[in-house]
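Novice: I'd like to ask some things about the structure below.
The values are calculated or read from the model by the stated rules, or taken from the named source; none is laboratory data. Remember, predicted model here, so these are calculated numbers, not experimental data. Cβ atoms come from the backbone with ideal geometry, glycine included; neighbour counts cover every protein chain shown.
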Amino acid sequence: MEAQPKPILAVSDVRRDYGGLKAVDGASFSAMQGRITGLIGPNGAGKSTLIGIIGGQIKPNAGSITFDGRDITGLAPHKIAGRGMVRTFQLSAEFTKLTVLENLLVAAPDQKGESLLGAELSRLYWGRNEAANVDAARDVLDRFEMTPKEDELAGNLSGGQKRLLEIMRALMTKPTMLLLDEPFAGVNPTLARQIEQYLLDLRDEGLSMIMVEHELAVVERLCEPVVVMAQGKVISEGSMRDVSARKEVLDAYLVG
Amino acid sequence: MTDAMQFYISTLLIYLFIDIMGVLGLNLQFGVAGIINFAYIVFVGVGAYTAAVVSLGPDYPGNFQHYMFGASWPFPLPILAGGVAAGLLSLVVGVISLRRLRSDYQAMVMLVLSLIATLVASNATGLVNGPAGLATIPQPLYDQLGLNPLEYQWVYAGWCLFLTVLVFLFVRAITRSPLGRTLRAMRDNERAASAVGKNVTLLRLVIFVVGGVIAGISGAVFAEFIQAWSPGSWLYPETFVFLAAVLVGGAANNWGVILGTLLVPVGFLEATRFLPPIFYQGFIEAMQWVCVGLLILLFLWFRPNGIFPEKPGRFKPRATAQSRPAE
């Protein structure tokens, strides 16, 4: 018998308005451990705002977010990342003048040479820690077949490679959950299929994810369950097959 | 070599070393960490004033100049005090302006700070003697060393070289370390850096203070050399000379900005000193500012990464595939 999935993230009645506009208007849902939860909805539904609130980039006006049994509402992004939840962005967010390998190394947690004192104590102090991080980063590069690009400046990568880089960089933090904001936007179909497979592999290894995505075919292949948002509210939750048949979802997509 | 020539060359070297220190500090803030500090010269100025007042001796009624905190601290305390004072001011300014504002607004705040600081120093005459500034700042160890002025100049040049090498090594330890890499990452994309767990507010603040301390030390060493310091010595355009050095040499490249210092504040501004006076008194000086501005524009347009562009980190290739434990 299949084990009952445990909720890892609970979003409860979250609200955020900008002046009179209610971008997120009492949204609640939960995401399960080891699942890719799809977050879909028409443009302006509040998906990206909600992802921003979960990731700490945007402060909610009300509501609460519990991650891994602890309240993370309103925490700064770096603290949320420290708890094991890392997000990627809708627009490419690579460190342009750093190489691919350096991009990954930045994300390594608890680096000895990252404090002022540590840096001044020189390579004698942080060298071994750095070597271990370089090894870990190269393992990630190998896995995603990006080793040949190791010394390329991240700004010179193709759009698709930048998205992949962002996922690799997030993995360097050893996260328990990824928040992916349209990870396939601007990615060519071949690479997109490859990234899909990578995400499924990561899921099978136990990584939880929330994914905002417009391409419903992709959502159907990857996400279970799916959360549908419209006008700042969660209007439906369930498997893609279920929600796509529901009247309120069809209405939202047609009207929205 | 004639004494006059030796005087000139030693003075030029002292200026060069002090400017290199200042530019290295600004490069750390701007080139590496992406903080647009248009008030950099204020921190140089604070270091200079601090070193001045703690070495001028207590103020007394009837003194030809008036200032606060007068003391006669021995060498090298005034220089350290200059660094500490500039660092403390950086901390205060940083806590207020670097936390929540977007970087373009931070730049505006810094520019305004620079203007306000000049006005305060000029108008609060009891603070550091107003627009006339401070004079007769004692040169460190001048009496104790018992050298003639020319010999002293060379010793001072050596002292400045020593300090510059220290600052260079200190800064290079940062830029070559994981900290330097994280700072460059923050500069390239702050949101992404915080999303992978970097406390960008703290990082910015740390590097703002470190740069401020370096600025303060360079100001202190400068004021002790020229023995005078007034609001006219640190007007806001001076920051742009430093900035031009960073942009011309190559932001986030320590050797690049040293070359930039050689070219802009020293070479460019010094060479024009020998031009024959044309049009009217002060024309050349006025044109210098125009040229510094043009230089910044030209480099941003045609060679935005400077003469020596930033070098990304290179890593030794993995030893061999066999060296990893088999799984």
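Quick grid of which residues meet (1) within 7 Å of chain B (Cβ to nearest Cβ); (2) of a type outside the set (D, E); (3) out of contact with any Pro (no Cβ under 8 Å at 6 or more places or on another chain); (4) over 30 Å from A:S12 (Cα atoms):
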position: A:G74; (1), (2), (3), (4): no, yes, no, no
position: A:I80; (1), (2), (3), (4): no, yes, yes, no
position: A:M85; (1), (2), (3), (4): no, yes, no, no
position: A:V100; (1), (2), (3), (4): no, yes, yes, yes
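Novice: Right, here's the next one. Of the conditions (1) on the phi < 0 side of the Ramachandran plot; (2) not in a loop (DSSP other than H, G, I, E, B), A:D13 fails just one. Which one is it?
Specialist: (1)
Novice: Quick test for you: out of B:G306, B:G293, pick the one residue that is within 14 Å of chain A (Cβ to nearest Cβ) and small (G, A, S). Walk me through how you get there before you give the answer.
Specialist: Values: B:G293 fails: within 14 Å of chain A (Cβ to nearest Cβ).
It is B:G306.
Novice: Search region A:228-240 for residues that are in the same structural domain as A:G38 (by TED's automatic domain parsing) and surrounded by 20 or more Cβ atoms within 10 Å (Cβ to Cβ) and pair each with any residue that is assigned to a strand (DSSP E or B) and among the hydroxyl-bearing types (S, T, Y) when their beta-carbon atoms are under 8 Å apart and the residues are at least 6 apart or on different chains.
Specialist: Pairs found: A:V228/A:S236; A:V234/A:S28.
Novice: Now, a different point. Out of B:Y8, B:Y15, B:Y60, B:Y49, report the one residue that is in a helix (DSSP H, G or I) and loosely packed, with under 15 Cβ neighbours inside 10 Å.
Specialist: Values: B:Y15 fails: loosely packed, with under 15 Cβ neighbours inside 10 Å; B:Y60 fails: in a helix (DSSP H, G or I); B:Y49 fails: loosely packed, with under 15 Cβ neighbours inside 10 Å.
Answer to the selection: B:Y8.
Novice: Looking at A:L200, A:L179, A:L222, can you tell me which residue is assigned by TED's automatic domain parsing to the domain that holds A:A81, surrounded by fewer than 16 Cβ atoms within 10 Å (Cβ to Cβ) and touching a helix residue (DSSP H, G or I) at 6+ places or on another chain (Cβ under 7 Å)?
Specialist: Working: A:L179 fails: surrounded by fewer than 16 Cβ atoms within 10 Å (Cβ to Cβ); A:L222 fails: surrounded by fewer than 16 Cβ atoms within 10 Å (Cβ to Cβ).
Checking each option against the conditions leaves just A:L200.
Novice: Report yes if A:L153 is at pLDDT 95 or above, farther than 24 Å from A:G84 by Cα and not aromatic (F, W, Y), otherwise no. Steps first, please.
Specialist: Working: at pLDDT 95 or above: yes; farther than 24 Å from A:G84 by Cα: yes; not aromatic (F, W, Y): yes.
Taking the combined requirement at face value, the residue satisfies it.
Novice: Among the candidates A:T88, A:T66, A:T73, which residue alone is of a type in the set (S, T, Y) and buried (at least 22 other Cβ atoms within 10 Å of the Cβ)? Walk me through it before giving the result.
Specialist: On the way: A:T66 fails: buried (at least 22 other Cβ atoms within 10 Å of the Cβ); A:T73 fails: buried (at least 22 other Cβ atoms within 10 Å of the Cβ).
Criteria check complete, one pass: A:T88.
Novice: Which number in (1) under 19 Å from A:A170 (Cα atoms); (2) within 14 Å of the chain's Cα centre (by Cα); (3) in contact (Cβ under 8 Å) with a residue 60 or more places away in the chain marks the one condition that A:K47 misses?
Specialist: (1)
Novice: Let me ask something else. Testing A:S208 on (1) polar (S, T, N, Q); (2) surrounded by fewer than 20 Cβ atoms within 10 Å (Cβ to Cβ); (3) not assigned by TED's automatic domain parsing to the domain that holds A:D110, one condition comes back false. Which one is that?
Specialist: (2)
Novice: Would you please name the residue that is farthest from the chain's Cα centre (by Cα), looking only at residues in region B:187-242 that are under 19 Å from B:V171 (Cβ atoms) and of a type in the set (S, T, Y)?
Specialist: B:T239
Novice: Here is a list of conditions, (1) within 22 Å of B:R172 (Cβ to Cβ); (2) away from every other protein chain (no Cβ under 14 Å); (3) modelled with pLDDT under 90, and B:F274 meets all of them except one; can you say which number that is?
Specialist: (1)
Novice: I'd like to know if region B:223-230 contains one or more residues that are touching a residue at least 60 places away in the same chain (Cβ under 8 Å) and on the phi > 0 side of the Ramachandran plot.
Specialist: Taking every residue of region B:223-230 in turn, at least one turns out to be touching a residue at least 60 places away in the same chain (Cβ under 8 Å) and on the phi > 0 side of the Ramachandran plot.
Novice: In this structure, is B:G260 touching a helix residue (DSSP H, G or I) at 6+ places or on another chain (Cβ under 7 Å) and within 14 Å of chain A (Cβ to nearest Cβ)? Talk me through it step by step, then tell me what you get.
Specialist: Numbers: touching a helix residue (DSSP H, G or I) at 6+ places or on another chain (Cβ under 7 Å): yes; within 14 Å of chain A (Cβ to nearest Cβ): no.
So B:G260 fails the test.
Novice: Same structure again: May I ask you to list the residues in region A:139-174 that are within 9 Å of another protein chain (Cβ to nearest Cβ), touching a residue at least 40 places away in the same chain (Cβ under 8 Å) and farther than 15 Å from A:L98 by Cα?
Specialist: A:A170, A:M172, A:T173
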